[in-house]
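**Q** Dropping the structure in here first, questions after.
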Amino acid sequence: AATVMAAWRAGAHHAEDSIGALMHLAAVGAPEPVLLTGRDGAGLFANRAFRQCLGLADGDSADFDSLLARLHDRPRWEKMLTDLCARAAGGEAIEAEIPITAAGGARWLRLSATPVAGAAGHVAWQAEDVTEQRRRDAADRRTRNILSDYVENLPVGFFSADADGRFLYANRVL
């Protein structure tokens, strides 16, 4: 029975090693930026996409401090990012958008942090560049504001009503 148990444990260990190797290969080749941090926030692994996202060279350290160093307006965002990192290390899945300055200028990243099950304090981070989305959203807000100001200041009355005839909007003239 001891031999069977030892053989079973050896097989289970081998299976875990194989899964770990497959997961590592998946993360290395992932097109999304991926960072794995340990209990102390130190980077254990960062794929090429993560390094490129932050403008890091292959030999540069990729960890929480790398993010802090690239924060745009660091005094404003550092505490928020530090708090998010602590919450993620404490087991909470989080998501936040932060401004960074890296190769190519200022950009916005959406960071997603997921605690690693079975490895307390370890966090898997993913990053997505949302700069263009934020620019489009800002342009849409500006356009809505311009149209709203235009309608509000027309020299004629303008209103909208629902199907029952209730006023939904009336400009200043009315």
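The values are calculated or read from the model by the stated rules, or taken from the named source; none is laboratory data. Note that the structure is predicted; figures quoted are calculated from it, not measured. Here the Cβ positions follow ideal geometry from the backbone for every residue, glycine too, while neighbour counts run over all protein chains shown. Areas reflect the complete protein model, heavy atoms only, side chains present, ligands, DNA and RNA absent. Shrake-Rupley method; radii C 1.70, N 1.55, O 1.52, S 1.80 Å.
**Q** Given q = 0.15, 0.22, 0.24 Å⁻¹, what are the Debye log10 I(q)/I(0) values for segment 51-126, with equal point scatterers placed on the Cα positions and solvent ignored?
**A** The Cα Debye sum returns log10 ratios of -0.51, -1.03, -1.16.
**Q** May I pose another question? Please give the length that would be gained between Leu168 and Ala138 if that part of the chain were fully extended, namely 0.36 nm times their separation in residues minus their C-alpha to C-alpha distance (nm, one decimal).
**A** 8.3 nm
**Q** Right, next: Provide the per-residue ³J(HN,Hα) series for segment 158-167, in order, calculated from phi with Karplus coefficients 6.51, -1.76, 1.60 and θ = phi - 60°, each as a whole number of Hz, with x at glycine and proline positions.
**A** With coefficients 6.51, -1.76 and 1.60, one gets 9, 8, 9, 9, 7, 4, 8, x, 6, 5 Hz.
**Q** With a 1.4 Å probe and all protein chains left in place, how much accessible area per residue does the chain have, in Å²?
**A** Here the per-residue accessible area is 65 Å².
**Q** For Leu147 and Met80 in the same chain, what is the full-extension length gain: residue separation times 0.36 nm, less their Cα-Cα distance, in nm?
**A** Answer, rounded to one decimal: 20.6 nm.
**Q** Now a separate question. Name the long-range amide H neighbours of Trp108: under 5 Å, sequence gap of 5 or more, or other chain; modelled H, no Pro or chain starts.
**A** Those qualifying (amide H under 5 Å, at least 5 residues apart or on another chain) are Ile100, Val130, Thr131.
**Q** Of the listed values (i) 91, 42, 28; (ii) 65, 31, 20; (iii) 72, 33, 30, identify the label whose number matches Cα extents along the principal axes in Å calculated from this model.
**A** (i)
**Q** For segment 91-174, state what percent of all Cα-Cα pairs lands in each successive 10 Å bin, counting from 0 Å until the bin that includes the largest distance.
**A** 15, 23, 19, 16, 17, 8, 1
**Q** Also: Ignoring ligands, DNA and RNA, what percent of the 1.4 Å accessible area of the chain is carbon and sulfur?
**A** Carbon plus sulfur share of accessible area: 57 percent.
**Q** Only helices at least 20 Å long along their axis, Cα-based, and averaging 0.0 or more on Kyte-Doolittle count here, so list those DSSP H runs from the chain.
**A** Details: long enough: 2-29 (40 Å, 0.56); 74-89 (22 Å, -0.64); 131-152 (31 Å, -1.77).
Answer set is 2-29.
**Q** In nm, to one decimal, how far is the modelled label at Ala42 from the one at Glu92, with both set 7 Å along Cα→Cβ?
**A** Here the modelled spin labels are 2.6 nm apart.
**Q** In addition: Using the Kirkwood formula on the Cα atoms of segment 83-130, what hydrodynamic radius do you get, in angstrom to one decimal?
**A** 11.3
**Q** Next up: Is there a quick way to get the dipole size of the chain? I mean about its Cα centre, with the Cβ of Lys and Arg at +1 and of Asp and Glu at -1; what is the value in debye to the nearest 20? Write out the running numbers ahead of the final one.
**A** Values: 19 positive and 23 negative charges, 63 e Å.
It works out to roughly 300 debye.
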